[in-house]
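Some notes on the structure that comes next.
The values are calculated or read from the model by the stated rules, or taken from the named source; none is laboratory data. Source: prediction; values computed, not measured. No Cβ is skipped: glycine too gets one built from the backbone with ideal geometry, and neighbour counts run over all protein chains shown.
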Amino acid sequence: MAINDNFNNLIQDLTQQVLEQAQTQIQAAIAEAINQRLDDVLSADNINAIVRSRVQETLANYTPDISQFESSLQEVSNQIINRLNATADQQIGNLIADRIHGVDVVELAQQFITAKLDINTNYFPFKENSIPGSAVDAGGLRITGDNIQGGIIQRFASTGIDDQSSQCQVTVLDQGIVVENTIYAGTLEVKGGAVIDGDLTILGTIADSPAYQQLIQDTSRDVQTHIGPNLLDQHQDRVFERIRDEGLDLNKVTFNGETVIQGDRLVNVIHSQLQTVGELRDLQTQGETLLSQTLYTNNRRVGINTMDPKNALSVWDEEIEIGVGKQTQGVARIGTVRDHKLILGSNNRDNITLESNGVTNIAQLRLGNMLFSTSATPPHYDAARGTVVFNEQPNLGGPLGWVSLGNAKWANFGLID
């Protein structure tokens, strides 16, 4: 909307206000004139004269009747009121026409506008948010930095600044400037000291300078003395990566005056934490040895899952302990150490079960070509000749067992008497 349209709307508003004020004044004047006229017309003398005339006329023509007199008096009163209303309406209309004809609306509007305007500054009080930005001609508009205070400027740009960030990147404080992310610069020149709280990565070369010379000296001193909490220790990962990729050609390595590596031999190494070792052709150890927290050897004893073997070989599997070793002179022993039974089997079968109370259970026993087993009932199946089945339910006068004669034939043996 152009500013002329806003001004026209303002003029209409002002004109409306002037007309309302004029109408209020006119209505007040008319009301005053009507009241004056009514006071003149409706005076007590006039009313009394009219009433007396009507009463006398009625009394002369009609026989006095109180009810008829009251009706006539009411009719006369209504006629008087109607005539007075008609006369007042006509006079009010004439008075309003005279007053409006004499009012200069344009003059009143000019007076009202002049009273609203500040003639010294030509300042016009527009309503807040009444002028849209599209209605302002920004071609000749000049706003200095002194007129800008607070707020956020989006897509800010100048001859030397191009703001493309979507969030705050630089914070200016009295103590200094805080940069939230990476600084990219063609050349960085620091006047004074510099503190780097983090890693320093250099992709290019380091120019020869006093700082570079000092760096070389510190590195050399670390290598010659010890690997401590200095520069080499801080970058040992990179050193080891380079050694891994390019190799390390050393014929002799010493530590605290003692030779550690001599040619292809590793000597005088007391402690180590080797993670992976290739094929060993000859390994000899002295003292305790622990492999993978499982195999333990010491003092001519071997423990599996235990570091306290009670026998030459002790095998632990949760609560079970099996011992293999010497029992007495010339006697070896294999068995459980505690109150546990021992099962000897093959093909996932329990062939022999040694109970903890000394009982031995054998599923099937073969002596030579004879197979021995037990049964509660006489067998009827075909078995090899000579197979013996002992009776699990012996009775007086019954057999001790049965022996196979071949072709599913069995014979009793050992009469119980």
### Message
It is to be established whether one or more residues within region 312-321 are among the charged types (D, E, K, R), part of a strand (DSSP E or B) and not assigned by TED's automatic domain parsing to the domain that holds ALA408.
### Response
yes
### Message
Going residue by residue through region 380-402, is there one that turns out to be under 30 Å from GLY303 (Cα atoms) and of a type in the set (S, T, N, Q)?
### Response
no
### Query
Is it true that some residue in region 330-352 is under 30 Å from ALA411 (Cα atoms), outside the structural domain of GLY406 (by TED's automatic domain parsing) and of a type in the set (Val, Ile, Thr)?
yes
### strands (runs of 3 or more DSSP E) contained in region 322-417 and holding at least 3 residues touching a strand residue (DSSP E or B) at 6+ places or on another chain (Cβ under 8 Å)
331-336, 342-346, 349-354, 360-362, 370-375, 388-391, 399-406, 409-415
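Results for (1) modelled with pLDDT under 85; (2) surrounded by 12 or more Cβ atoms within 10 Å (Cβ to Cβ), shown as yes or no for each residue.
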site: ASP317; (1), (2): no, no
site: ILE352; (1), (2): no, yes
site: ASN357; (1), (2): no, no
site: GLN364; (1), (2): yes, no
site: LEU371; (1), (2): no, yes
site: PRO394; (1), (2): no, yes
site: GLY397; (1), (2): no, no
### Task
For region 188-243, enumerate the residues that are β-branched (Val, Ile, Thr) and either in a helix (DSSP H, G or I) or modelled with pLDDT under 65 (or both).
ILE216, THR219, VAL223, THR225, ILE227, VAL239, ILE243
